Structures are given as C-alpha cells and as structure tokens.
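Taking it in order: structure first as structure tokens, then the write-up.
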Amino acid sequence: MSLLAALAMFIANSADPTPVCHGAYEQGALLACRTLPDATITISDARGFQAHLTADAKGRFVLGFSRDAAPNMTLRVCAPGGSCASLPLAIAAHDYKIERIDGLPPGKVSSFTETQLAHIRKSSVRKKTAFATKVSVDDFLAGFSRPVEGARISGFYGSQRVLNGEPKRPHMGMDFAVPKGTPIAAPADGVVTLAAPDLYFEGGTVFLDHGQGLVSVFMHMSALDVKDGQRVQKGEVLGKVGATGRATGAHLHWSLKWRNRYYVNPDAALSLDLSPLR
Ligand SMILES: [Zn+2]
C-alpha cells in the first residue's frame, strides 16, 4: 500500500461518525440523519430492543420510533471499519387518544367461517411477502404530503379503545374522512410492492415503498390504479377511497411502517424536514 493510500485510509477510519439528525425525538416520530457513507447504525434501549441499519452511500438514514418507544434510547454509529460514536436519545412520550367505554354488554364471540379463514391466511401471506421486499431508492427525499387534501382526520395514530377495561389493539395509522371515490395521491415517490384489491381486513390495499425502510400502506380502497412493481411519483393517483374490507364507512387509512419493525406516525412524516438530506 502506498503512503498516500495508507494516509487516505487513516483519515477515513478516524473520521467522526457522529450523526446530525433532524425531526422529532418523540414516540412514533421520525428522524432524518446524516453521517459518514455506509456507516453502520444500531439503535437500542434498556428493554432489549435493538435495530441495525446502514447509512446509504451519501451517509443518510432515517430512524423511526415506535408508538411505545422507551424514554431513553442509544444510537451508536460506526464508520466502516473505523471509529464509533454513541449518542443518548431522550424520547418524549406522545399523548395518545385513549377512549374508555365501560358497561358494554358482553360481546358475542366473533368467529370466522372456513372460507373467511382461508381468505385471512392468504391476505396475511401477501402482506408478509410485500413487507419483506426492500427497494433501494431515495424516493422519500422530496418529503411527504397528504394523500388526500383538506380532509378531516377521523382517526389518529396510536389511539386506543378500552372496552369494559380490556385494551383493544391501538390504531396504527391515520384516517382521513373523505367520500368514496376520492382520488388518493402518493404522499412521496416510491415503488408499489403490493397492489391487492381484496385483502380480508384491509380490503383494497396498496403498499408503497419509499426507500430507507419506509413503506406506506393504504387500505379500504374501492379502486386501484397501480400495479405491483410500478414506480410512482409524489402526487400520482394510486386509486380511490372506499369502504372495502373491515371498514364501517368510506375513509382512507394510511399507515407508515419503518424497516418492517413497527408503524410510525404518518403525521410525523408530513412534518419531517428532509431538506438536510437532499
Ligand atoms: Zn384506520
């Protein structure tokens, strides 16, 4: 190895990997960060949670916090083959909407027919397969915008109903109250990794992979205008709002999954400033 090459390697290895992050340090929120190219990143907490990721060739990465993220987390970033930096992260609690309804008559046990169970299983396999696909693009870099404009938000990320003291599964997306047939616009560029007209619970569903492990999920659609593998641009119509699957009325449900680990708050993505990464 020439002296110059050795020197270049020394400089690369001793470079400071401390990341610069923008966004909200809050449960369900997202951070857009920059460090050294191809740096390895580990985010962990004292409860045993750990996620590993790699910065892209420009040193960019996106961190997502779960609905119930621990108040203290550790972010460790290492230069490829070089020095590491550890940062403590203080994560603020998010105030979720909890609705308690008591004194309900004991509910009937819901059961599914064999045909319904087969449909549920098939839907589950399709979702799993689609979530496992990863696209390597910078499609989220233009930032996120609302999939439907001006709509009232009828369901919030993380909200939960407690019926007769029994907590139900939290709502992991954002609901927009809009009439059936309203066009749904892609909130950011991406690649369609699932276009399924008839999943059991979700109904007409589109998965849109924006890169950096961020996947949008749109549910209850009455019509789909995109196909598996199709690349779409921000603002392009994905299909129409409906009430398909298990929905009580027409609305758009939008959720955003991070690295196939958990759902983050789409509202946090809307307010995330991605300009430092561009
Ligand atoms: Zn919903």
Given (1) open to solvent by 60 Å² or more (accessible area, probe 1.4 Å); (2) farther than 21 Å from R67 by Cα, number of the condition S123 does not satisfy: (1)
Within region 87-103, track down each residue that is open to solvent by less than 70 Å² (accessible area, probe 1.4 Å) and over 22 Å from the mean Cα position of the chain (by Cα). L87, I101
Return only the number of the condition from (1) farther than 14 Å from S216 by Cβ; (2) modelled with pLDDT of 90 or more; (3) away from the ligand (no atom under 15 Å from the Cβ) that G155 does not satisfy. (3)
Which condition number in (1) closer than 30 Å to T244 by Cβ; (2) open to solvent by less than 70 Å² (accessible area, probe 1.4 Å) is the one that F49 fails? (1)
Among the candidates A32, A118, which residue alone is touching a residue at least 24 places away in the same chain (Cβ under 8 Å), open to solvent by less than 70 Å² (accessible area, probe 1.4 Å) and aliphatic (A, V, I, L, M)? A32
Kindly provide the set of residues from region 57-68 that are open to solvent by less than 30 Å² (accessible area, probe 1.4 Å) and either among the charged types (D, E, K, R) or over 16 Å from C33 (Cβ atoms) (or both), ordered by number. R60, S66, R67
Test F218 against the criterion of being part of a strand (DSSP E or B), more than 15 Å from the ligand (Cβ to nearest atom), modelled with pLDDT of 95 or more and crowded, with 19+ Cβ neighbours inside 10 Å, and give yes or no. no
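Looking only at strands (runs of 3 or more DSSP E) that lie completely in region 164-215, which have at least 3 residues being away from the ligand (no atom under 16 Å from the Cβ) and surrounded by fewer than 22 Cβ atoms within 10 Å (Cβ to Cβ)?
Strands (runs of 3 or more DSSP E) meeting the threshold: 190-199.
The values are calculated or read from the model by the stated rules, or taken from the named source; none is laboratory data. Keep in mind that what you see is a predicted model, and the values were worked out from it rather than measured. Virtual Cβ from ideal backbone geometry, glycine too; neighbours counted across all protein chains shown. These accessible areas exclude ligands, DNA and RNA; they are computed on the full protein's heavy atoms, side chains included. Shrake-Rupley method; radii C 1.70, N 1.55, O 1.52, S 1.80 Å.
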